[in-house]
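Enquirer: Mind looking over this structure? Questions follow.
The values are calculated or read from the model by the stated rules, or taken from the named source; none is laboratory data. On a predicted model such as this, the values are computed, not experimentally measured, just so you know. Neighbour counts are summed over all protein chains in view; Cβ atoms, including those assigned to glycine, are modelled from backbone coordinates with ideal geometry.
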Amino acid sequence: MNTLAEKVLQQLGSIVVILDEEGDAQYVSPSVKNVLGFEPHFLLGSGWLTHTRMNEAERVIVKSDLRKIAEGIQKNHSYERMLRTSSGGQKWIHWNTVSADDGKFIGIGYDITQQKQREDLLTQRTKDLQERNQEMESGLRYAQRIQSAILPQENELKRKFRDAFVYYKPKDIVSGDFWWLHETEDSVYVAVIDCTGHGIPGALMSVLAHSVFREVFINRNPGSTARILELLDEELFIALNKEHPHNPYPDGMDVALCRFLKRSNTLEYSGAYRPLVLFREGVLHEIAASRYPIGYYNNVPKRFDSTTIELRSDDMLFMFSDGYADQFGGEREKKLNKRGFRELLQTIHAMKGEEQSSFLDYALMNWKQQYAQTDDITVLGIRI
């Protein structure tokens, strides 16, 4: 091989090797010195397989590959092999081998060690990332079980009313939404709560909010729904800001709260940013909420009002977080919005509870299509 070609091979980090049918080297380009550290003459004859391969099994593989090419099973052969260097290290070489007319084999090898190292590093990083993701998902699943344990059972709700359902769909395994059920001697309280955030932050907020609900309902014995919201506001502020009352967190929750009075068949409702929807004889009535959330709100004085409704047989009530109406989708990639959500409730309100829940799920999937879920979703329905 002329000197110019050898200089080019040296620059490219390439090796040319000519082998006979037995795998003995007839020629090894001087560039091997730069790539593997061996003097070319040291690798001639059987030295090529003896010194650059790790063990006898690798030498057998080389001879088998040459035999396949010679027999026409393979016209050419492209592969990657790890070779030993003169210092005992290792180099990855990509080979292209062809058979010549005189029965010899010509192999051209390219040093791809750095590329393989980058690939190995990427593979390891990908593996590490997958393991971390699995650990995170495992943690989320465990948190989901804990969060589920503090939620009421849907069957409890169904036992207390003629018909009822809960459509509960977290965005990220755990949820910032939850619902509440509490019974006293004279009343049944039902609430849907939408805490700030979703995923892990929302779930942590919901656990804190749940403890606040327990404190108010069990230890404070509040009575009216408006008073309950006032106490929830007070307790949540203390829980979130006891360490820094002069620089309060803006986190909080929106609440739709109903109190069903057993003896009078009367409903008392109060809301913090979450309205109540009532269907009576097919007509939608919306009972507005107070325009304040539970939690810090720019030091604005708050007033939570209550609305009393005389219930009638077959009335259908809906409480919900804002997740369903805020879902992006449709042909125009817009939010479903309040109007679209209320039209959906109009469609389903006469169905049985389980059918309503199934239809809500079908409609959501049909609306969002390929888009990710925007927020946690809770829709709770009660038929009188």
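Enquirer: Within region 144-158, does at least one residue satisfy the condition of being in a helix (DSSP H, G or I), within 17 Å of the chain's Cα centre (by Cα) and within 28 Å of VAL379 (Cα to Cα)?
Expert: Yes - at least one qualifying residue is present in region 144-158.
Enquirer: For ALA288, all conditions in the list (1) within 24 Å of CYS258 (Cα to Cα); (2) in contact (Cβ under 8 Å) with a residue 40 or more places away in the chain; (3) not acidic (Asp, Glu) hold save one; what is the number of the exception?
Expert: (2) is the only condition that ALA288 fails.
Enquirer: Right, something else. What's the number of the only condition in (1) without any contact (Cβ under 8 Å) to a residue 24 or more places away in the chain; (2) under 17 Å from ALA25 (Cβ atoms); (3) of a type outside the set (Gly, Ala, Ser) that GLN115 fails to meet?
Expert: Here GLN115 clears every test but (2).
Enquirer: Taking interchain pairs and intrachain pairs at least six residues apart, which have beta carbon atoms under 6 angstrom, with the first residue in region 143-164 and at pLDDT 90 or above and the second small (Gly, Ala, Ser)?
Expert: Hits for this filter: LEU157/ALA164; LYS158/ALA164; ASP163/GLY353; ALA164/GLY353.
Enquirer: Only residues that are surrounded by 11 or more Cβ atoms within 10 Å (Cβ to Cβ), under 18 Å from VAL207 (Cβ atoms) and out of contact with any strand residue (DSSP E or B) (no Cβ under 7 Å at 6 or more places or on another chain): list them for region 137-152, please.
Expert: Matches in region 137-152: GLY139, ARG141, TYR142, ILE146, SER148, ILE150.
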